[in-house]
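Structure first, then comments.
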Amino acid sequence: MNVPLLKVDNLSVSIDGKQILKDINLEIPQGEVHILFGPNGSGKSTLLHAIMGLPGYEVRGKIYFHGTDITHMPPEQRARLGIGIAFQRPPIIRGVKLGKLLELINSNKPDIQRMAEELQLTPHLQRELHYGFSGGETKRVEILLLIAQKPDLLLLDEPESGVDLENIDLIANKLRHLLEKEKRISERHRSALIITHTGYILNYLNAAKGYVMVDGRIKCSGPPRDIWETIRKVGYSLCEECLLQRINEKRR
Amino acid sequence: MKKEDSEQLTRVGYDPDKHDRSGSFLMENQSIIESLSLYEGLELLPISEAIKKYKWVEKKICTLVSRDDPYVKAVLNTQPLQGAFIYVRQGYKIRLPLQACMYLKLQTAQRVYNMVVMEPNSELHIITGCTIASYLIKGGHLAITEFWLDDGTRLSYTMIHEWAPEVVVIPRAAASIGRNSVFINNYVALTTTRKVQMAPIAYVAENGTAQFSSIIYARDHSHFDIGARAFLNGANSNAQILSRVITEDGTVIVRGEVVGIAPGTRGHTECNGLILGKGSIRAIPMLEAKIDDTELSHEASIGKLKEEEITYLRARGLDEDTARSLIISGFLSARIENLPTYLQNKIDQTIELTLRKGL
């Protein structure tokens, strides 16, 4: 049996002694896109941050990447192994130019120029990181940095929130390309775990599985479009009663 | 020139080959090694020769800085007076930078007097490097620089200092800025220095601009007491005093004084400080309005490196040291308005090289 690209095993996460995530279990095989739904404050971003290894989280359980236990690895080591994250609200870093950071991540200068051009970010290479950027620009920059990193696993925290339709189109098509959606499933190497509140991203990426997180727990999982349709109609109120069960009943 | 001297001087912006330079001046201890103008309309002489050549030069000496200052007296008591005389004739706009370098190769106190005279509608960019031979750790540098900018002139004066741990540096400078003229004064000091104390003064006439930027990295026991003073004497004149300072076990005092005297004037002083490890930063703004039609403001922020920024860069694959170094060099690399690209690049390069060496 193939080793999943990512395996999260009984993961619990606390911040300053307060438990945020409880017994999370999930597996993402190579080449698959999974979607994480859930109301605000349910712990979705915390899960992505814990997988990325950001400091400040007390972690119990295990995280495996390519079969290697990365639970206690620092974030830079995880990034070098092939995990990349696009933050929902990245910090402004005054004085640090986007182009300079890209050069440190990826030494192929012509590649960077081309990627920036494709995301309409050429003038931004000389600008300070996220300083004075619009919502759409910030998201595109996050995607550009991910493309430069070329990770095997993409953690995307609301890549389309606060972005106009034109920018969503641009971002989603870039992600499609990065996730090798033009290839057959067996030939795809990259996977993604994506948080979405708008569901727009589902129109572009053929996601294999969706999860609903409520109050730090994954309450159910299933076909992401079905989950999204239900959430759109009734919100997250039914989640406590096991959304998955209802979806399955409906399908039958 | 010996290889080690050449390397040391290059670090502070001096190009031994004088490539893309409008002039070159080099003073070693109390001796003038080189005083060369490469551009029509630009005169570059040792001040002692200028005093002999132009009667008005001696009359101007120390009319802008105070003769009561003991350090000014110490320089004036040095015989012969030594330093650079830079004179730009009317209408000449010289875009290539002039390099001037003060080099200390003996464990002594170098005493320098410089004069810059800009005739109407002229332009010049000066890069001044002051440094010490690599085998010395102790010494002194006392300097006076007086600037006369006639109407419609533009002068940028970028000073890069690289001293040693036991060097004491006391520069005194003052500028008379004519109508519709722009004076840009930049100071970069990133290496450990026992003491630096200076606050150049600008007297700004109608529609004139004075712009001071300081970039300081106070390591170890370094003590920097820096800043600037601007007197907005002419209507619609303006001044900005900006400082970016980092302390890592050093002490920094940043003073920014703006006095609004004439109507329609604007002044702003700003200090951004970053504390790494121990050390202290004290920002002292002083605004004085002598008329109601003046707009003066100050702003200061002092803090530590933000963990969120370091984490963000680590998540991109940068180790913690590289992330910190990138943020620190970014913090120091503020854009300086109106500065030619070459000089901005030189400042950025100096910051990067020094940080790479030091962190």
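The values are calculated or read from the model by the stated rules, or taken from the named source; none is laboratory data. Bear in mind the structure is a predicted one, so any value in this text is a computation, not a measurement. We place every Cβ from the backbone using ideal geometry, glycine too, and count neighbours over all the protein chains shown. The area values use the complete protein model at the heavy-atom level, side chains included, leaving out ligands, DNA and RNA. Shrake-Rupley method; radii C 1.70, N 1.55, O 1.52, S 1.80 Å.
The figures follow:
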item	result
Qualifying residue in segment A:124-146 (condition: among the hydroxyl-bearing types (S, T, Y), within 13 Å of chain B (Cβ to nearest Cβ) and within 25 Å of A:A50 (Cα to Cα))	yes
Single condition B:P285 does not satisfy, out of (1) surrounded by 14 or more Cβ atoms within 10 Å (Cβ to Cβ); (2) more than 14 Å from chain A (Cβ to nearest Cβ); (3) touching a residue at least 60 places away in the same chain (Cβ under 8 Å)	(3)
Pairs with Cβ under 9 Å, 6+ apart, first in segment B:92-106 and over 20 Å from B:D150 (Cβ atoms), second part of a loop (DSSP other than H, G, I, E, B) and open to solvent by 70 Å² or more (accessible area, probe 1.4 Å)	B:L96/B:D20; B:L96/B:L38; B:L96/B:Y39; B:P97/B:D20; B:K105/B:Y135
Segment B:186-216: number of residues that are part of a strand (DSSP E or B), closer than 14 Å to B:W148 by Cβ and either open to solvent by 10 Å² or more (accessible area, probe 1.4 Å) or at pLDDT below 95 (or both)	2
Residue identified as touching a residue at least 12 places away in the same chain (Cβ under 8 Å), open to solvent by 80 Å² or more (accessible area, probe 1.4 Å) and within 26 Å of B:Q344 (Cβ to Cβ) among B:E295, B:E299	B:E299
Residues within segment A:44-63 that are small (G, A, S) and within 10 Å of chain B (Cβ to nearest Cβ), tallied	2
Qualifying residues in segment B:311-321 (those that are facing another protein chain (nearest Cβ under 7 Å) and part of a helix (DSSP H, G or I)) - the one least open to solvent (accessible area, probe 1.4 Å)	B:Y312
Filter pass, A:I35 being at pLDDT 95 or above, more than 12 Å from every other protein chain (Cβ to nearest Cβ), over 17 Å from the mean Cα position of the chain (by Cα) and buried (at least 17 other Cβ atoms within 10 Å of the Cβ)	no
Residue identified as assigned by TED's automatic domain parsing to the domain that holds B:K105, surrounded by 15 or more Cβ atoms within 10 Å (Cβ to Cβ) and modelled with pLDDT under 95 among B:P46, B:P16	B:P16
Residue selected from segment A:180-206 under the condition at pLDDT 90 or above and within 10 Å of A:G31 (Cα to Cα), by the criterion surrounded by the most Cβ atoms within 10 Å (Cβ to Cβ)	A:A192
Residue that is nearest to the chain's Cα centre (by Cα) [pool: residues in segment A:86-107 that are more than 8 Å from every other protein chain (Cβ to nearest Cβ) and in contact (Cβ under 8 Å) with a residue 60 or more places away in the chain]	A:A86
Residue among B:A164, B:A174 that is on the phi < 0 side of the Ramachandran plot, assigned to a loop (DSSP other than H, G, I, E, B) and of a type in the set (A, V, I, L, M)	B:A164
Matching residues, segment B:1-44, being touching a residue at least 24 places away in the same chain (Cβ under 8 Å) and touching a helix residue (DSSP H, G or I) at 6+ places or on another chain (Cβ under 9 Å)	B:R11, B:V12, B:G13, B:Y14, B:D15, B:D20, B:L26, B:E28, B:I32, B:S35, B:E43
Contacts under 7 angstrom Cβ, first residue in segment B:325-346 being without any contact (Cβ under 8 Å) to a residue 40 or more places away in the chain and farther than 14 Å from A:K97 by Cβ, partner of a type outside the set (V, I, T) and buried (at least 18 other Cβ atoms within 10 Å of the Cβ), 6 or more apart	B:S325/B:L355
Residue list for segment B:97-136, filter: of a type in the set (V, I, T) and part of a strand (DSSP E or B)	B:V112, B:V116, B:V117, B:I126, B:I127, B:T128, B:T131, B:I132
All positions within segment B:148-184 that are under 19 Å from B:P46 (Cβ atoms) and without any contact (Cβ under 8 Å) to a residue 40 or more places away in the chain	B:P171
Condition broken by A:L121, with the remaining ones in (1) in a loop (DSSP other than H, G, I, E, B); (2) modelled with pLDDT under 95; (3) more than 14 Å from every other protein chain (Cβ to nearest Cβ) satisfied	(2)
Failed criterion for B:F331 (all others in (1) under 29 Å from the mean Cα position of the chain (by Cα); (2) at the interface with chain A (Cβ under 9 Å from one of its Cβ atoms); (3) not in a helix (DSSP H, G or I) hold)	(3)
